[in-house]
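**Student:** I'd like to ask you about the structure that follows.
Every number here is computed from the coordinates shown, using simple stated rules; none is lab data. Small disclaimer: the values here were computed from a predicted structure and weren't measured. Glycine gets a Cβ as well: all are built from the backbone with ideal geometry, and neighbour counts include every protein chain shown.
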2 protein chains.
Amino acid sequence: MNRYFLGIDIGGTNAEFAYVSTDGTIIASGRVPVKDCPSPVLLMNQIRVAAAELAASQGFDSVPFGVGVGAPAARQDTGCIEGSTDLPWESPIPMAAIAAKEFGVPAVLTNDANAAALGEMMFGAAKGLNNFIMLTLGTGVGSAIVADGQLITGAHGQAGELGHFTLGADFTRPCSCGRAGCLQTYASASGVTRTALGLLEISDAESVLREIPADEITAKYIYDAATHGDELALHTWRLTGEVLGKAMANFASFSDPEAYIFFGGVAQALPFMQNAMKDEMEKNILFLYSDKIQILPSRLSGAEAALLGAAAAVMKTEGLMPK
Amino acid sequence: MNRYFLGIDIGGTNAEFAYVSTDGTIIASGRVPVKDCPSPVLLMNQIRVAAAELAASQGFDSVPFGVGVGAPAARQDTGCIEGSTDLPWESPIPMAAIAAKEFGVPAVLTNDANAAALGEMMFGAAKGLNNFIMLTLGTGVGSAIVADGQLITGAHGQAGELGHFTLGADFTRPCSCGRAGCLQTYASASGVTRTALGLLEISDAESVLREIPADEITAKYIYDAATHGDELALHTWRLTGEVLGKAMANFASFSDPEAYIFFGGVAQALPFMQNAMKDEMEKNILFLYSDKIQILPSRLSGAEAALLGAAAAVMKTEGLMPK
């Protein structure tokens, strides 16, 4: 009669859930719709019922040891979702309390970036690391900072906004936050696309990207082009790596990390960025940190990371660490 | 029969020591010479003997509950002093172990910046704060970062080197670390002096600083001139505040602090820097952190801070927090 932890990943369309063992194996998983659900309490009830049915159908005990919930705009310190534009309910949503009450076991709420970092720490590339910075490259650039074995949350649960770290006078791209020169204007999917469009404009180099209308070029196309050796696409990734490397040199002065871990769709291009990133980081870093920091890709698959991370959040709170 | 904690501050010339109560009162203090002492073991023995005599003369129990040692180039994680150029003994010096053996009580080693932060947290301006960044402005710029109630130490005990945070393309002053544009080339005593010398050169403004030979101008003179309303000196401090404010805006994205606390000789000029610093920080900060961060002067006197901080380091490790 095994009992597992339940990881839940709440998005705007569906809530995914999975029973996760302490070694990071997903035992069984399912989903319930979020979009038309009238309240978060009802959603959690539907998740519990669906999870219980799933467990019964597979012959294991349906009561988890703990429930970890990942959601956008979630604050782990308060256990509330605050100001999410993706969910159909009013903020603040006390989701940790709702889950704890519904399941009758300890529950933890965490956000996407933090869940990814905890998942990585318990089951992935950061296993055994106590000091690392996770950079999530996707639509935006997210980050999570683990120092001395603890995820830094900060005074208002908003530590680790390194996507909005500003890079200085040479970096002038306007950002959605209203400022200019934020890291994510260079290292997010749209940032990478802006870099490629710039190169297409200032050079006459041949590129398969010229065969696509400019407003249809995406980071995915640039990645695909790079895998086929397209020089302009490769140049785009090198420039992206350089900008990241320069920022990573400065981040080191903060928390003295042993590794940077890259997660998210855009991070699939890490092999094309890594050399330039490493060179630029080492060129700009304080001597104390020279040659001490690894650059690692995530080891969690994108689809499973959110669920494993949510489960890891409650396992960590409950004092469980994997072997 | 009260028992107290012993704070020790080891410098190149002397080792100061003080019995400290859990409310941060220095009960009694003394010193022994370091310079010609043949070994760190002998030094610690001399400290214990001197401390015992002091306690006997004042009629209290000489055995402290714990010993906190502050020293340059000290690593709290290993308990060793490594590569100090100020002390007459070979590195690594296992000073925490030496103190624990000599006194027969728990002992903790910490460095200057961390000791100051812990002292501030237990007895000073950071009392009750769990998230703050301490910036020590002096010969260099040191820092200590407390996040979620814990001092960040990092993978190699070298977290919090914010004096060597580089400010971007507009900031080109060479730094002693071999790079350029580090915060401390603007905000240390010599950085402030460079700023004043630059202003003296590019302007014809009257200033009492023109009465001093350029190579004799110090941050102290510039502070004194500012207290007398000297406009060029005031301008120097405003510019220093602006550079700090810009950097502080970026630091916020890291650990979401509730306060910056300023310590050290140059920080006495905080009243002249504070408005410009606050304006520039708020102008450059991510909206998430707007109007949430206090700027505070240290509340520990310079002479006592090292001893109180060293004592605080062992009190914190022993689970003691002041009322």
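**Student:** Considering the convex hull of the alpha carbon atoms of segment A:90-190, report its projected area averaged over all viewing directions, in nm², one decimal.
**Tutor:** On the way: hull surface 35.0 nm².
Taking the Cα atoms of segment A:90-190, their convex hull projects to 8.8 nm² on average.
**Student:** Work out the length of the dipole vector of chain A about its Cα centre, built from +1 on the beta-carbon of each Lys and Arg and -1 on the beta-carbon of each Asp and Glu, and round it to the nearest 20 debye. Working shown, then result.
**Tutor:** Working: 20 positive and 34 negative charges, 135 e Å.
So the magnitude is around 640 debye.
**Student:** Can you figure out the FRET efficiency of A:ARG3 with A:LYS220, using R₀ = 45 Å and their beta-carbon distance, to the nearest 0.05?
**Tutor:** That pair, A:ARG3 with A:LYS220, gives E of 0.65.
**Student:** A follow-up question, please. Tell me the net charge near B:ASN14. Cut-off is 9 Å between Cβ atoms, B:ASN14 excluded, with +1 for each Lys or Arg and -1 for each Asp or Glu. Intermediate values should be presented prior to the final figure.
**Tutor:** Numbers: positive: B:ARG31, B:LYS35; negative: B:ASP9, B:GLU16.
Surrounding charge for B:ASN14 is 0.
**Student:** Once you place label points 7 Å from the Cα toward the Cβ at B:HIS156 and B:THR13, how far apart are they in nm?
**Tutor:** 3.3
**Student:** Roughly how many debye, to the nearest 20, is the charge dipole of the protein assembly as shown about its Cα centre, given +1 on each Lys and Arg Cβ, -1 on each Asp and Glu Cβ, and no other charges?
**Tutor:** On the way: 40 positive and 68 negative charges, 250 e Å.
Dipole of the protein assembly as shown, to the nearest 20 debye: 1200 debye.
**Student:** Under the classification rounded if a/c is under 1.5, otherwise prolate if a/b is larger than b/c and oblate if not, where does the protein assembly as shown fall, given a ≥ b ≥ c as square roots of the Cα gyration tensor eigenvalues?
**Tutor:** Details: a/c = 2.07, a/b = 1.32, b/c = 1.57.
Oblate.
**Student:** So who's got an amide H within less than 5 Å of the one on A:ILE27, skipping anything under 5 residues away but keeping other chains? H placed 1.01 Å off N, in plane.
**Tutor:** Amide H neighbours of A:ILE27: A:TYR19, A:VAL20, A:SER21.
**Student:** Percent antiparallel among DSSP beta bridges with both residues in chain A, to the nearest 5? Walk me through the numbers on the way to the answer.
**Tutor:** Working: 26 of 43 bridges.
Approximately 60 percent, going by the DSSP bridge assignments.
**Student:** What whole number of Å gives the distance from the Cα centroid of segment A:255-303 to the Cα centroid of segment A:207-226?
**Tutor:** A separation of 25 Å, based on Cα centres.
**Student:** Net charge around A:ILE133, counting only other residues with Cβ within less than 14 Å of its Cβ (Lys, Arg = +1; Asp, Glu = -1)? Don't skip to the answer; put the middle values down first.
**Tutor:** On the way: positive: A:LYS292; negative: A:GLU120, A:ASP148, A:GLU161, A:ASP256, A:GLU258.
Within the 14 Å Cβ shell, the charges total -4.
**Student:** One decimal, nm, shortest first: give the distances between the label point of B:PRO72 and those of the same position in the other copies, each label point 7 Å from Cα along Cα→Cβ.
**Tutor:** 5.3
**Student:** Per residue of chain A, what 222 nm ellipticity follows from adding -39500 (n - 2.57) for every DSSP H run with n ≥ 4, rounded to the nearest 500? Each step should come with its number before you reach the end.
**Tutor:** Values: 9 runs with 123 residues, N = 323.
After summing the helix terms and dividing by residue count, I get -12000 deg cm²/dmol.
**Student:** Taking the Cα atoms of segment A:1-44, what is the range of coordinates along each of the three principal axes, in descending order and whole Å?
**Tutor:** Reported extents, whole Å, longest axis first: 34, 16, 11.
**Student:** While we're looking at this one, here's another question. State the Cα centre-to-centre distance between segment A:67-124 and segment B:100-157 in whole Å.
**Tutor:** Centre-to-centre distance over Cα atoms comes out at 32 Å.
**Student:** Let me ask something additional. Rank A:ALA99, A:HIS228, B:CYS80 by how far each Cα sits towards the positive end of the charge dipole of the protein assembly as shown (+1 on Lys, Arg Cβ; -1 on Asp, Glu Cβ) and give me just the farthest.
**Tutor:** Positive-end residue among those listed: A:ALA99.
**Student:** Could you tell me which of B:GLY245, B:ILE212, B:ALA312 has its Cα farthest along the dipole of segment B:188-323 towards the positive end, charges placed at Cβ (Lys, Arg +1; Asp, Glu -1), taken about the Cα centre?
**Tutor:** The one lying farthest along the dipole's positive direction is B:ALA312.
**Student:** Follow-up question, since we're still on this one. Out of all DSSP beta bridges with both ends in the protein assembly as shown, state the antiparallel percent to the nearest 5. Working shown, then result.
**Tutor:** Working: 52 of 86 bridges.
Close to 60 percent.
**Student:** Sort segment A:1-159 into rounded, prolate or oblate with this rule: let a ≥ b ≥ c be the square roots of the eigenvalues of the Cα gyration tensor; rounded if a/c is under 1.5, and if a/c is not under 1.5, prolate when a/b is larger than b/c, oblate otherwise.
**Tutor:** oblate
**Student:** Taking the label point as lying 7 angstrom from Cα along the Cα-to-Cβ axis, what are the distances from B:ASP36 to the corresponding position in the remaining copies, in ascending order and in nanometres?
**Tutor:** 9.1
**Student:** Find the Cα radius of gyration of chain B, compare it with 2.2 N^0.38 Å by division, and give the number to two decimals.
**Tutor:** Cα-based Rg divided by the globular estimate yields 1.04.
**Student:** Also: Once the Cβ-Cβ distance between B:SER91 and B:ASP204 is put in as r, and R0 is 45 Å, what FRET efficiency do you end up with, to the nearest 0.05?
**Tutor:** Numbers: r = 51 Å, r/R0 = 1.13.
My answer for the efficiency is 0.30.
**Student:** In addition: Report the paramagnetic label zone for B:THR227: residues of segment B:264-280 whose backbone N is under 17 Å from a point 7 Å from Cα along the Cα-to-Cβ axis.
**Tutor:** B:264-274
**Student:** Let me ask something else about it. Let me check against my output: what whole-number percent is the relative contact order of chain B, with C-alpha pairs under 8 Å and at least 6 apart?
**Tutor:** Numbers: 671 pairs, mean separation 66.3, N = 323.
Relative CO of chain B lands at 21 percent.
**Student:** On to the next question. Sort out for me the Cα centre separation of segment A:20-61 from segment A:231-249, rounded to whole Å.
**Tutor:** 41
**Student:** Then there's this: Counting GluC sites (Glu not before Pro) as exposed when in a DSSP loop with at most 16 other beta carbons within 10 Å, what is the longest stretch of chain B free of them?
**Tutor:** B:91-205
**Student:** Who wins for biggest fluctuation among A:GLY79, A:GLY178, A:GLY30 in a Gaussian network model of chain A, springs between alpha carbons below 10 Å?
**Tutor:** A:GLY178
**Student:** Scan chain A for the residue whose Cβ is closest to the axis carrying it onto chain B, then write down that distance in whole angstrom.
**Tutor:** Spelled out, residue of A and its Cβ distance from the axis onto B: A:GLY168, 1.
**Student:** Within the set B:LYS246/B:LYS278; B:LYS35/B:LYS316; A:LYS127/A:LYS316; A:LYS246/A:LYS292; B:LYS246/B:LYS283; A:LYS246/A:LYS283, which residue pairs have Cα atoms separated by over 20 Å? It would help to have the intermediate numbers written out before the result.
**Tutor:** Numbers: B:LYS246/B:LYS278 9 Å; B:LYS35/B:LYS316 30 Å; A:LYS127/A:LYS316 13 Å; A:LYS246/A:LYS292 16 Å; B:LYS246/B:LYS283 8 Å; A:LYS246/A:LYS283 8 Å.
Over 20 Å Cα-Cα: B:LYS35/B:LYS316.
**Student:** In addition: Could you line up A:HIS156, A:HIS164 from fewest to most neighbouring Cβ atoms inside 10 Å? Write out the running numbers ahead of the final one.
**Tutor:** Numbers: A:HIS156 17, A:HIS164 25.
Listing A:HIS156, A:HIS164 from fewest to most nearby Cβ atoms yields A:HIS156, A:HIS164.
**Student:** Next up: Give the shape of segment A:118-275 as rounded, prolate or oblate, defined through the alpha-carbon gyration tensor: a ≥ b ≥ c are the square roots of its eigenvalues, a/c under 1.5 means rounded, and otherwise the shape is prolate if a/b is larger than b/c and oblate if not.
**Tutor:** On the way: a/c = 2.34, a/b = 1.69, b/c = 1.38.
It comes out prolate by the Cα gyration axes.
**Student:** Here is a follow-up. Measuring nothing but label to label, 7 Å from Cα along Cα→Cβ, what are B:LEU197's distances to the other copies in nm, shortest first?
**Tutor:** Counterpart label points of B:LEU197 in the remaining copies fall at 4.7 nm.
**Student:** Where does the Debye-calculated log10 I(q)/I(0) of segment A:31-104 sit at q = 0.16, 0.21 Å⁻¹, using only Cα point scatterers of equal weight, no solvent?
**Tutor:** -0.59, -0.95
**Student:** Then there's this: If you add up the charges near A:ARG173, with Lys and Arg at +1 and Asp and Glu at -1, over every other residue whose beta carbon is less than 13 angstrom from its beta carbon, what do you get?
**Tutor:** On the way: positive: A:ARG179, A:ARG194; negative: A:ASP170.
Computed value for this residue: +1.
**Student:** May I ask what percent, to the nearest 5, of DSSP beta bridges between residues of segment A:1-114 are antiparallel? List each step's numbers first, then the result.
**Tutor:** On the way: 16 of 24 bridges.
Just about 65 percent of them are antiparallel.
**Student:** Please work out the FRET efficiency for the pair A:LEU288 and B:ASN130, using the Cβ-Cβ distance as r and a Förster radius of 22 Å; give the result to the nearest 0.05.
**Tutor:** Numbers: r = 27 Å, r/R0 = 1.21.
The calculated FRET efficiency here is 0.25.
**Student:** Compare A:ASP279, A:ASP148, A:ASP170 in a GNM of chain A, Cα atoms joined below 10 Å, and give the one with the largest fluctuation.
**Tutor:** Sorting by GNM fluctuation, first place goes to A:ASP170.
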